[in-house]
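A short worksheet on the structure shown next.
Please treat every number below as a calculation from the coordinates, not as lab data. What you are looking at is a predicted structure, and each value in this text was computed from that prediction instead of being measured. Counting neighbours? That spans all protein chains shown, and the Cβs are built from the backbone with ideal geometry, glycine included.
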Amino acid sequence: MKFWKYSRVALALIGSVALGLSITCCGVYTSGYMYVTGVQYSQIGAYKIDHDFGYLTPVTGSPFASAGANPVQEVVIPGGRFLAVVYKGASQTPGSGGVSIYTIGGAGVLDFQENYSSSGINPVSIALAPSGTYLYVLDQLAPDGSGKGDITVFQFATDTGKLTLITNANTFNTNGSQLPYFEVDYNPVQIVTLGQYIYALDQAYNPTSSKTAGNIPPACANAPVGSPCATPDVFLYAIANSTGQLTLTQNQPLVLGGVLPGAASTMAVSGTQKYVYIADTALGANPGRILPFQQGAGGVLETLVGGPTNNIQNGAFPDAILANSNGTFLYVANFGPSVITQPNSIITAYTIDPTNGQLQTLSTGFYPVGGAGPIWMVEDPTDQYLYSVNYNTNNISGKIIDQTTGQLSNMFKGTTFATVGQPTFVAVTSRVY
């Protein structure tokens, strides 16, 4: 069992952005493809998604060798021609991590194009600007030795797939040159974009704070004795669409008040309301919570009326969060206890109130995953199926989504599919024929 995932934070921006098209008349149909990164052998698994039954078939040549060591996240560029994969490289080695660009062939086959180094150390997350022409890569350590993290910005050429570094026009080195990064807080773990803003989720470890029997800092009140202490926060920048530059919009990050939140999930936008949900694992001491926010003026996150929602009691270590395409249902993957064969890896399910973003448990509130240690979830391009990638059992689980009730059910032709070793992330794209 690997515990690195519990030092990450889970964020869902809940939405109604359709990922693909369903089958229609006149022979037009959607062919979906899935890509899964795995760190055990530094591979990328590629699969075709069956439209009618949801089962997965490896594409020719899969799994593909990752061009960078330890691939951890990925994003499909709008248009479906390119896949950008973030790789950590050699841990703590400057310049060894970055972004790999691949072209996606008509049959879902990947063809490596080029690697680009990030500015800092240990890149862990990637996001796209709303325009789709800028890539943001989150590094856990900035190169200045401050211990804080950074965001490296690249301009993306939509015709060739090439990346160009964008320097920080607001901050300069001692020699007068612009810095090649934008600083965030300590131990960042995930970035997402929502509208014209980018959010970095930080664990923000305080090296002077730890919990002992006689010393309980406020930020560690809910942590076990002897555990590391953190004050998780959200660091906010505004995005300039014309240049990709990032600009601070507030002096201090939003302190979450949770304890060691879990792994990160997906994002979308819900009509005119922009909701953000963050999973708080509570270090497994209880089922954890879901922290709800709404995007306010200037991109600032405001706590929703009613505050946090307790995770369903059957859950443990909630980490990945996913909303269905129209933002009416929320699904939370619970990693479960550290025993690999433990059956307590489940998906908990909620409805989202469209007027205020509050959550209510579905009538059937939880579902067995079909694997152990779910670390990420995705909806297929036709909005029919939900998939989770399972870190402990090296497989992918699939469920059918009832679009009316939100309930999940098993697929008719196979519900689990073997994948790359120690999967870390999953992304999908589609082609319409």
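A compact table of results
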| read-out | value |
| --- | --- |
| Burial order of peptide ranges 418-425, 87-94, 147-154 (average beta-carbon count within 10 Å, highest first) | 147-154, 418-425, 87-94 |
| Difference of contour (0.36 nm per residue) and Cα-Cα distance, THR164 to ASN356 | 65.1 nm |
| Computed FRET value (nearest 0.05) for THR405 with THR103, which takes r as the C-beta separation and R₀ as 51 Å | 0.80 |
| Nitroxide proxy distance, nm - points 7 Å out along Cα→Cβ at LYS413 and THR364 | 2.2 nm |
| Built amide H within the under 5 Å cut-off of ASN394, gap 5+ | GLN422 |
